[in-house]
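Student: First the structure, then my questions, so here it is.
The values are calculated or read from the model by the stated rules, or taken from the named source; none is laboratory data. Quick caveat: nothing in here was measured; it's all calculated off a predicted structure. Here the Cβ positions follow ideal geometry from the backbone for every residue, glycine too, while neighbour counts run over all protein chains shown.
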Amino acid sequence: MKKYFLFALLGIFSFGALASCDDRSNDVVNQQDNDTYSVVLDINGTNFIKNSSNQYTISRNFTTPLYNTDVVLIYRKAGTGTDGSPVWQSIPRTVYLSDGRELDYDFDFTKNDIQIYADGNYDVSTTPEYLNNQTFRVVLVPTSQGSKNADVNYTDYNSVIKFFNIDDTKVENL
């Protein structure tokens, strides 16, 4: 009985040693983006344009393509605080107006560009104050294993700036 126990123990040990060997010759190596740094871009005082699909959009191209691991966050300037600092609201966002009207801001992005949309459950052209002279802040952040599950509130502009240690005094125009 002791021999069987010894052989079983040896087998378990051998299996564990083999399983822990690291042969990466057949593995696909994950490329981690270590060159990206967080960037803050502004779209200042711009108007939504009605396209051929009757959608109101703002389109911008990036000067250099994003890495596949980059994420785009967009905030709309909704006003100013009592100290004069901008109030940033993350989009997508629904603005609730009187009479049950709702205006939605949304966006999408590729590695080359972004598109911001304004739409609603009414004719949004009747509220030009939500379509004209709009300012958006675009924040490009890299994703990594450490930040995927990080305790950061992406809807809060100041939390994002603090977490990614972004100097938002150096804003570029897009």
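Student: Evaluate the following for ASN158: is it over 16 Å from the mean Cα position of the chain (by Cα) and closer than 15 Å to ARG76 by Cα?
Tutor: No, not satisfied.
For every residue, the table says whether it meets (1) in contact with a Pro (Cβ under 9 Å, 6 or more places away or on another chain); (2) over 27 Å from THR63 (Cα atoms).
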residue: GLU102; (1), (2): no, yes
residue: PHE107; (1), (2): yes, no
residue: SER125; (1), (2): no, yes
residue: LEU174; (1), (2): no, no
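Student: Kindly indicate the residue of region 134-164 that is assigned to a loop (DSSP other than H, G, I, E, B) and over 24 Å from ASP104 (Cβ atoms) and also modelled with the lowest pLDDT among those meeting that condition.
Tutor: Checking each candidate, the answer is ASN149.
Student: Going residue by residue through region 85-105, is there one that turns out to be acidic (Asp, Glu), touching a Gly at 6+ places or on another chain (Cβ under 9 Å) and outside any loop (DSSP other than H, G, I, E, B)?
Tutor: Checked region 85-105: at least one residue is acidic (Asp, Glu), touching a Gly at 6+ places or on another chain (Cβ under 9 Å) and outside any loop (DSSP other than H, G, I, E, B).
Student: Looking at this structure, is VAL171 under 22 Å from ASN47 (Cβ atoms), at pLDDT 90 or above and either within 14 Å of the chain's Cα centre (by Cα) or of a type outside the set (D, E, K, R) (or both)?
Tutor: Spelling it out, it is not the case that VAL171 is under 22 Å from ASN47 (Cβ atoms), at pLDDT 90 or above and either within 14 Å of the chain's Cα centre (by Cα) or of a type outside the set (D, E, K, R) (or both).
Student: Right, something else. Among the candidates ASP113, ASP119, ASP151, ASP123, single out the residue that is over 23 Å from ASN54 (Cα atoms), among the charged types (D, E, K, R) and more than 12 Å from the chain's Cα centre (by Cα).
Tutor: One residue alone meets the criteria, ASP151.
Student: Separate question: Go through region 84-142 and give me each residue that's among the small types (Gly, Ala, Ser) and either more than 30 Å from PHE163 (Cα to Cα) or exposed (fewer than 13 other Cβ atoms within 10 Å of the Cβ) (or both).
Tutor: GLY84, SER85, SER98, GLY100, GLY120, SER125
Student: Consider THR64 carefully, then state whether it is over 23 Å from the mean Cα position of the chain (by Cα), at negative phi and free of Cβ contacts under 8 Å to residues at least 60 places away in the same chain.
Tutor: The answer is no for THR64.
Student: With the requirement that a residue be buried (at least 17 other Cβ atoms within 10 Å of the Cβ) and more than 15 Å from the chain's Cα centre (by Cα), what does region 67-83 give you?
Tutor: Within region 67-83, LYS77 is the sole residue that qualifies.
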